Structures are given as C-alpha cells and as structure tokens.
Amino acid sequence: MNAGIVVALLHCFLFAVLVQSAPTAPPPLAFREAVERTKALVEKILTDLPTVHAATVNIQGLTLDSSSQTANLQMMVMSLGISASPVIKPLSEHFTLDMCVGRMLAGSQLYKGILGVLSERLSGLSDLKAELRDLHLHINKMKEVAKLSGTDSSDQSSVSDLAARLQDDYKVQVAVHLTLSQLRSFCHDMIRSLRNIATNTS
C-alpha cells in the first residue's frame, strides 16, 4: 500500500478516536431548562418548609429559625443518627458537574427516605415528601440531559435504622425538626449551586 495512503488513513483513525473520546458538553437549552425547573422546585420547597414545620412540631421553643440547640437536643441528634447533608461546592477542577449532580441526587434521596419514615409516624409531611420525590426526578433529568455518570451515593442504612429509634412522640418531633432544618440548609446550598451551574454552562 502507498505510504501516503497509510498516513492519510492513520490521520483519519486518530481524528475519529479523538472525536469519540472528547467530553460532551450539556445541550445548552435543554440543560438550562432542566436546571431552571429544578431551581424553581427547590425554591418552592424552601417556601413550604416553615408551614410544614409549624404544622408538625409543637415543642415549645423549637422553631425552624432557632439558632441554638440545647444540650439535650444535641444528644438527640447523635442518638437518632440522622445523616448530615451531602456537601455541595461551587464547580471547579476538583468539584465537577458530575460530582455536584451526584451530591444533589444523594441529598434528595436521603431526605425523601427520612420523610418516608417520619410520615408513617406523623401527619403533615406527605406533600413535602412528594415534592422531594419530584425533586429527585428533576435532578435525574439534569443528569440525563448532560449525559453525566454521577450516581446516588447516599447512605440509606441510617434511614432504615431511624424508625427503630423513634420510640415516642417527642423523638418523632425532634427528628422532624432536625430533618427540616438540615433540609432547609441543603436547599439553600442547592440554590447557590444551581445558579453557579447555570452561569458556568450558559
């Protein structure tokens, strides 16, 4: 075979390999729409949280805006074993879009599971649980549109263990308070991150 033809074929082969291996950017419009729908739902959840807390927690002095926790409440945090929210950071070389969406999935799955347990012991949580189910679907849509591989890495063992620790109504209400407080912080982190994602992928 002619040497020139061999070189030309080799160049074509290498170009095809490079094209196939290049990272695929999220489709701008579809991904931006998925991000905006997710952000809108997170904002609705944040709006609903004070109403849900007021309807489900009636322990005196325990409000969603209370900044301090008594020593007894801190001990309850440890004894109930409610997992902390996954950490969400601004996008960077070391915290990629894949990692960010994976953490969002893990968080929505965590709180959906916890509220599933709590709603079996206390009324008034069904609508919020449904919103978290929809949030999980919205985040999954972001993942699909962007062709990401991020997975839900939440530890569900703490969720399954929680039911056994809810031995009385006081512990149930404390668990609801802690969960809603953590969920509110997680939602604020998500809002900041979704804005960051929208800026970096526009």
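The values are calculated or read from the model by the stated rules, or taken from the named source; none is laboratory data. Being a predicted model, the structure only gives us computed values, none of them experimental. When we count neighbours, we look across all protein chains shown, and the Cβ atoms used for this are built from the backbone with ideal geometry, even at glycine. For accessibility, only protein heavy atoms count, side chains too; no ligands or nucleic acids. Shrake-Rupley method; radii C 1.70, N 1.55, O 1.52, S 1.80 Å.
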Exercise. Answer yes or no: is there a residue in the range 112-130 that is under 20 Å from Ala163 (Cβ atoms), open to solvent by less than 70 Å² (accessible area, probe 1.4 Å), under 9 Å from the mean Cα position of the chain (by Cα) and not charged (D, E, K, R).
Key: no
Exercise. May I ask you to list the residues in the range 144-201 that are aliphatic (A, V, I, L, M), within 30 Å of Pro28 (Cβ to Cβ) and modelled with pLDDT under 90?
Key: Ala146, Leu148, Ala198
Self-check item: Tabulated pairs, the range 111-126, first closer than 17 Å to Pro86 by Cα, second assigned to a loop (DSSP other than H, G, I, E, B) and open to solvent by 50 Å² or more (accessible area, probe 1.4 Å), C-beta under 7 angstrom, 6+ apart or interchain
Solution: Gly113/Gln156
